[in-house]
1. Output the residue which, of all residues in segment 59-75 that are open to solvent by 60 Å² or more (accessible area, probe 1.4 Å) and under 13 Å from the mean Cα position of the chain (by Cα), is nearest to PRO28 (Cα to Cα).
2. So which residues in segment 114-127 are at pLDDT 95 or above, out of contact with any helix residue (DSSP H, G or I) (no Cβ under 8 Å at 6 or more places or on another chain) and either closer than 13 Å to LEU59 by Cα or in a loop (DSSP other than H, G, I, E, B) (or both)?
3. When you scan segment 24-39, how many residues do you find that are open to solvent by 100 Å² or more (accessible area, probe 1.4 Å) and either at pLDDT below 95 or basic (Lys, Arg) (or both)?
4. Among the residues of segment 100-113, how many are more than 13 Å from PRO60 (Cβ to Cβ) and open to solvent by less than 60 Å² (accessible area, probe 1.4 Å)?
5. Could you give every pair whose Cβ atoms fall below 7 Å, whose first residue belongs to segment 28-47 and is more than 28 Å from THR87 (Cα to Cα), and whose second residue is open to solvent by 100 Å² or more (accessible area, probe 1.4 Å), counting only separations of at least 6 or pairs across chains?
6. Among the listed residues LEU95, LEU117, identify the single one that is within 24 Å of GLY36 (Cβ to Cβ) and either aromatic (Phe, Trp, Tyr) or touching a residue at least 24 places away in the same chain (Cβ under 8 Å) (or both).
7. Which condition does ILE64 not pass, out of (1) in contact with an Asp or Glu (Cβ under 9 Å, 6 or more places away or on another chain); (2) part of a strand (DSSP E or B), if it passes all the others?
8. Tell me yes or no: at least one residue of segment 76-94 is among the hydrophobic types (A, V, I, L, M, F, W, C), open to solvent by 80 Å² or more (accessible area, probe 1.4 Å) and in a strand (DSSP E or B).
Amino acid sequence: MGITEVGIEGERFLMKFLHEKGFTVFQPDGIGLYKGIYYMFEMKHQERFKAPPFDGHGLPRWQIEARLAFFNKTKVAVILVVLDKETNEVFYQYLDKLDAGKHYDTQGLKPRRIYPLTSFKTYNQPN
């Protein structure tokens, strides 16, 4: 078993162990320290949602609720970062700011909350 598989196996054990002990658990995609301030990051690599009502990106409601509860309790800002599969553009914004603004909730088997592209900042990747 390679180091990646061993690490994944260990993480699965930890998640199960914590859940069995009564913890509510989620895994951030990244935690960073910049100029003395911590940030938590949620990363999505996905296709954009197409209008109507608007073009945008988003994530499942349960992820939003868990991350915003974390933010409200700890005051560690949560930033949603999206790498657009079609255009390779990078979109990012504070999740609390996104959620306070315009959004659209999809329906169906995998409902998501979508935020308009105009609500995000963009990062131009070097070629």
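The values are calculated or read from the model by the stated rules, or taken from the named source; none is laboratory data. Nothing here was measured: the structure is a model prediction, and the numbers come from that model. For neighbour counting, all protein chains shown are included, and Cβ atoms are generated from backbone atoms with ideal geometry for every residue, glycine included. Please note that ligands, DNA and RNA were not included when accessible areas were found on the heavy atoms of the full protein model with its side chains. Shrake-Rupley method; radii C 1.70, N 1.55, O 1.52, S 1.80 Å.
1. PHE70
2. ILE114, PRO116, listed by residue number.
3. Residues flagged as open to solvent by 100 Å² or more (accessible area, probe 1.4 Å) and either at pLDDT below 95 or basic (Lys, Arg) (or both) within segment 24-39 amount to 2.
4. Number of matching residues: 1.
5. What qualifies is TYR38/ILE31.
6. LEU95
7. Of (1) in contact with an Asp or Glu (Cβ under 9 Å, 6 or more places away or on another chain); (2) part of a strand (DSSP E or B), only one is false for ILE64: (2).
8. No, every residue in segment 76-94 fails to be among the hydrophobic types (A, V, I, L, M, F, W, C), open to solvent by 80 Å² or more (accessible area, probe 1.4 Å) and in a strand (DSSP E or B).
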